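See structure below.
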Amino acid sequence: MTRYLLDREFFLATEVKPNYLSLLRNRLGKYQKIKIEPFDVLRFDLERFRSRNIDSILCVNVLEHLEDDETPLRNMVHLLEPKGRLFLSVPAHPWLYGTMDRDLGHVRRYEKGDLKKKLEAQGFRVIFLEHFNRIGILGWFLNGKVLRRKGLPFVQLRIFDFLVPLFKLEDLCSLPFGLSLIAVVERPE
């Protein structure tokens with residue numbers, strides 16, 4: 001995801017796992033406007049990051065791996081400047097939880113209403129919260145619940161990549177399901 005932010009004036013790319021941190025440094029370390037640092041959303045020195053005047057946080061597929069998902073949300077609201085925004089993506093629908101989730105280290109999947117309550121309880125104002133990737137539900141259910149696979153087969157991944165442009169059609173109708181939830185939330189002033 002970080003490579004899509006290269007047009008920003010400055011950004012801080014973080015990771016908790018050393019191997020992914022090395023990957024970030026190898027791929028993006030040459031850019032002067034990118035600072036790459038270790039960061040654990042559960043435990044970090046708030047003052048060390050507060051001086052950076054953080055106006056946006058992008059958190060993609062992180063919370064579902066943590067037993068405690070409220071502490072990271074509380075930490076992120078304190079990291080942001082007033083009116084700063086968190087862009088969040090998490091897997092949706094607990095009934096979809098299966099072998100692929102376990103293999104990926106997921107602890108949970110989220111219901112829309114429950115996620116909204118968690119975000120608001122930590123002090124965020126919800127601006128946008130919708131389901132995303134309606135097409136992906138069928139493959140996830142079939143592979144993770146019915147066939148009990150631990151990963152998506154390569155051919156299915158290629159088909160999925162081919163279908164990604166169709167996700168724009170999701171804007172035409174708001175349906176109460178999708179493989180993921182996308183949220184944009186703001187720290188109040």
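Here, each number is a calculation from the coordinates, and none is a lab measurement. All figures in this text were calculated on a predicted structure; none of them were measured in a lab. With ideal geometry, Cβ positions are generated from the backbone for all residues, glycine too; neighbour counts draw on all protein chains shown.
Taking 0.36 nm per residue of separation and subtracting the Cα-Cα distance, what length does fully extending Lys150 through Glu9 add? Numbers along the way, then the final one.
Working: separation 141, 0.36 × 141 = 50.76 nm, distance 3.96 nm.
Computed gain between Lys150 and Glu9 is 46.8 nm.
Rg(Cα) of the chain divided by 2.2 N^0.38 Å? Could you put the intermediate results ahead of the total?
Working: Rg = 17.4 Å, N = 189, 2.2 N^0.38 = 16.1 Å.
Here the answer is 1.08, to two decimals.
Work out the FRET efficiency for Thr71 and Tyr20 from their Cβ-Cβ distance, taking R0 = 22 Å, and round it to the nearest 0.05.
On the way: r = 21 Å, r/R0 = 0.94.
FRET efficiency, Thr71 to Tyr20: 0.60.
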Quiz item: By its C-alpha gyration tensor, with a ≥ b ≥ c as the square roots of the eigenvalues, how is region 1-88 shaped: rounded for a/c under 1.5, else prolate for a/b larger than b/c, else oblate?
Solution: oblate
Quiz item: Considering the zone a paramagnetic label at Lys83 would reach in this model (a point 7 Å from Cα along the Cα-to-Cβ line), which residues of region 42-67 have amide N under 16 Å from it?
Solution: 53-57
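Kindly flag which residue pairs out of Lys83/Lys116; Lys116/Lys145; Lys17/Lys117 have an alpha-carbon separation exceeding 21 Å in this structure.
Lys116/Lys145; Lys17/Lys117
Using the count of nearby Cβ atoms within 10 Å as a rough guide to exposure, how do Tyr31, Tyr97, Tyr110, Tyr4 rank from fewest to most?
Lowest to highest Cβ neighbour count: Tyr4, Tyr31, Tyr97, Tyr110.
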Practice problem: Name the long-range amide H neighbours of Ala92: under 5 Å, sequence gap of 5 or more, or other chain; modelled H, no Pro or chain starts. | Solution: Tyr110, Ser180, Leu181
Exercise. Sticking with the crude label model, points 7 Å out along Cα→Cβ, report the distance from Asp103 to Leu138 in nm, one decimal please.
Key: 2.1
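Over region 21-161, what is the percentage of antiparallel beta bridges among all DSSP beta bridges, to the nearest 5?
The answer is about 10 percent antiparallel.
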